[in-house]
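Working notes, structure below.
The values are calculated or read from the model by the stated rules, or taken from the named source; none is laboratory data. As the structure is a computational prediction, the values presented were derived from the model and not from experiment. We place every Cβ from the backbone using ideal geometry, glycine too, and count neighbours over all the protein chains shown. Heads up: the accessible areas ignore ligands, DNA and RNA and are worked out on the full protein's heavy atoms, side chains in. Shrake-Rupley method; radii C 1.70, N 1.55, O 1.52, S 1.80 Å.
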Amino acid sequence: MNARRIALFNSKGGCGKTTLSWNLAMGLARRAPTLLLDADPQGSTGDWADWSRDRQEFAIDVRDWPLDPAVSSTAYTYVVYDCPPQSDLTRVGPIMEDCDIVLLPVLPSPLDLWASRRSAELLQEVRARRPGLQAYFVLNQVEAQSALSRAARAAMAEMGVPVLGAPIGRRAVYRSAAVEGLSVYQMGKRGAAAVDEMEHLIEEILK
Ligand SMILES: Nc1ncnc2c1ncn2[C@@H]1O[C@H](COP(=O)(O)OP(=O)(O)OP(=O)(O)O)[C@@H](O)[C@H]1O
Ligand SMILES: [Mg+2]
């Protein structure tokens, strides 16, 4: 069976692509063999993996993209791509075309959403060539009890990309896990709420 391929993409920097790809890959790895591909030349996912190697409860394989031709991805059920914040398709176009699902993390403010307009346009270009591609906004760093403003909803509706029902909260544990080279799945009770929301996200995209 072919692997389910999921890309975390947004040309806007700092919206949570690396954080979510890492935690998503860890959550998927609890279900089946998972490969995390670092497509960002900044290489933070790779650094994270080097830092945490030997300390992971659930092994995931992390490699640089493009994948070394000597390595096969057929052994994996899930492949997750951490994309760079680039505003053209030279690097990320071929990745997204090869994917089943694209997740666009976005901070829930109208300014951040408008800044994601370019990404939504790039995504529509890819979808014209790859009609079956599913794509969703993932609201990230949502503050407890904050309702999405009307302006933010309007900005999203305009871009033609649905928003996942499962939002990701702004939680210190995402940062502290990263500092320790871990995911929220290895943070015990401190990570419980974050694990819960990651699990909702995974169930929603895999259904
Ligand atoms: N849900 C969250 N709660 C708290 N902090 C978060 C959350 N998501 C991301 N962060 C923090 O926000 C910062 C940016 O996140 P991250 O590096 O994952 O974004 P990115 O989209 O990969 O950035 P770049 O475009 O530079 O690759 C990091 O310091 C990260 O720890
Ligand atoms: Mg990143």
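Among the residues of region 141-173, those identified as of a type in the set (Lys, Arg) and under 14 Å from Ser109 (Cα atoms) are Arg150, Arg153, Arg170.
Cβ-Cβ distances below 7 Å connect the following pairs, each with a first residue in region 160-182 that is open to solvent by 60 Å² or more (accessible area, probe 1.4 Å), a second residue that is of a type in the set (Phe, Trp, Tyr), and a separation of six or more residues or different chains: Pro162/Tyr136; Val163/Tyr136; Val163/Phe137. Close Cβ contacts (under 6 Å, 6 or more residues apart or on different chains) running from residues in region 79-91 that are at pLDDT 95 or above to residues that are more than 9 Å from ligand 1 (Cβ to nearest atom) and of a type in the set (Val, Ile, Thr) comprise Val80/Ile6; Tyr81/Ile95; Cys83/Val92.
Let's see how each residue does on (1) at pLDDT 90 or above; (2) surrounded by fewer than 21 Cβ atoms within 10 Å (Cβ to Cβ); (3) outside any loop (DSSP other than H, G, I, E, B):
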site	(1), (2), (3)
Gln124	yes, yes, yes
Arg127	yes, yes, yes
Ala135	yes, no, yes
Leu148	no, yes, no
Ala152	no, no, yes
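Of the candidates Tyr81, Tyr76, the single residue that is aromatic (Phe, Trp, Tyr) and surrounded by fewer than 24 Cβ atoms within 10 Å (Cβ to Cβ) is Tyr76. Summed over region 1-36, the residues that are within 15 Å of ligand 1 (Cβ to nearest atom) and part of a helix (DSSP H, G or I) give a count of 11. Taking the conditions (1) in a loop (DSSP other than H, G, I, E, B); (2) more than 10 Å from ligand 1 (Cβ to nearest atom); (3) open to solvent by less than 40 Å² (accessible area, probe 1.4 Å) in turn, Val102 satisfies each one other than (1). Of all residues being in contact with a strand residue (DSSP E or B) (Cβ under 7 Å, 6 or more places away or on another chain) and of a type outside the set (Gly, Ala, Ser) in region 128-147, which is nearest to ligand 1 (Cβ to nearest atom)? Just the residue, please. The extreme case among them is Asn140.
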